[in-house]
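Colleague: Pasting a structure below so you can have a look.
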Amino acid sequence: MRKYAVGCIIMAALFFLAGAAEEKKLPSRVILVSPDSQTNPLTLTYVANMGVLIGSGDSKVLIDALFDKPNPAYRAPAPETLEKIIKGEAPYDGLDLVLVTHNHPDHFNPDVAVRFLEARPRPVLVAPADAVEEMCKIAADWSKIEPRVISRDLKVGEIDKRTAAGIPLTIVRTLHSGNRESPMNLMYLFDLNGRRIFHEGDSPGRPEVFQGFGLETSPVDLAVVHHWFPTRPDMAKLLQDIFRTSHIALTHLPIEKEGTAPGIIDQVRKDYNDIFLLLPGMPARTFLL
């Protein structure tokens, strides 16, 4: 009886905190808590467009967040957020790894990337070769930051497995959306404290693109994909049958669709364990796996 009462008190506290977070409109931060590792929850902080910060324990990975001049149809990081990233202020302190999917201004700006690496002496950056070439042209002294830059010049469909900043990483090059060869698009699958995270950049969004580099070997704990994936039957089947994803973060949402997209996702929510849109100002949320 006492255990039941304690459980009720804990649940009431969680509901109270969730309500307080909603009322205060906390920053875009999602916390995924696994029962087998309560001390190292997986955290996801939304930056802008497909830019996210993902962390667990002492490990933090920043993806597609170093840009400031995007396509005006999409969100860019707020200036104060970008300054926090460059200065290493919380929650962007202690970064281990920065991943760049491709050289487009709504995902990456070489000026910002160089400024970041010059200011932050610890993080390692992984990026497609064409993005790194642009950084080389801009850097005042490339030799100082080059040792922390991993340039990947892969063929379409080529898979690269490596460890970067102590984090197991699988990379595959795809065509860019629209089936374009340029710029190079890299998809990333990586592991943080036993959790598998996937980010697709701007892939063409065809099921065959996602075959053969490890997504099907065991379930993905968190997938960061385009907002329209769950609304198209072939991609919905991929998410449900191949990824078997515990949590799906939907991104790259045009500003003009921010008001209508939640209603569309509500229509397919029942088909997933947990699926959510990353929207400006979304409050903190907690998920029990």
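The values are calculated or read from the model by the stated rules, or taken from the named source; none is laboratory data. Worth saying up front: this structure is predicted, and the values here are computed from it rather than measured. Here Cβ is always computed from backbone atoms with ideal geometry, including for glycine, and neighbour counts include all displayed protein chains. Accessible surface areas use protein heavy atoms only, side chains included; no ligands, DNA or RNA. Shrake-Rupley method; radii C 1.70, N 1.55, O 1.52, S 1.80 Å.
Colleague: Take the residues in the stretch 61-74 that are touching a Gly at 6+ places or on another chain (Cβ under 9 Å) and assigned to a loop (DSSP other than H, G, I, E, B); name whichever of them is nearest to Ala140 (Cα to Cα).
Modeller: Checked the stretch 61-74; the qualifying residue nearest to Ala140 (Cα to Cα) is Phe67.
Colleague: I would also like to ask the following. Is it true that Phe198 is open to solvent by less than 40 Å² (accessible area, probe 1.4 Å), touching a residue at least 12 places away in the same chain (Cβ under 8 Å), closer than 21 Å to Gly57 by Cα and not charged (D, E, K, R)?
Modeller: Yes: the conditions hold for Phe198.
Colleague: When you go through Leu239, Leu250, Leu279 one by one, which is the residue that is within 15 Å of Glu200 (Cβ to Cβ) and modelled with pLDDT under 95?
Modeller: On the way: Leu250 fails: modelled with pLDDT under 95; Leu279 fails: within 15 Å of Glu200 (Cβ to Cβ).
The match here is Leu239.
Colleague: Here's something else I'd like to know. Might you let me know whether the stretch 208-220 holds any residue that is free of Cβ contacts under 8 Å to residues at least 24 places away in the same chain, open to solvent by 50 Å² or more (accessible area, probe 1.4 Å) and of a type in the set (Asp, Glu)?
Modeller: Checking the stretch 208-220: at least one residue is free of Cβ contacts under 8 Å to residues at least 24 places away in the same chain, open to solvent by 50 Å² or more (accessible area, probe 1.4 Å) and of a type in the set (Asp, Glu).
Colleague: Under 8 Å between Cβ atoms, which residue pairs at least 6 apart in sequence (or on different chains) link something in the stretch 74-85 that is farther than 9 Å from Val47 by Cβ with a partner that is among the aromatic types (Phe, Trp, Tyr)?
Modeller: Ala76/Phe67; Lys84/Tyr92
Colleague: In the stretch 42-81, what residues are out of contact with any strand residue (DSSP E or B) (no Cβ under 8 Å at 6 or more places or on another chain) and open to solvent by less than 10 Å² (accessible area, probe 1.4 Å)?
Modeller: Ala48
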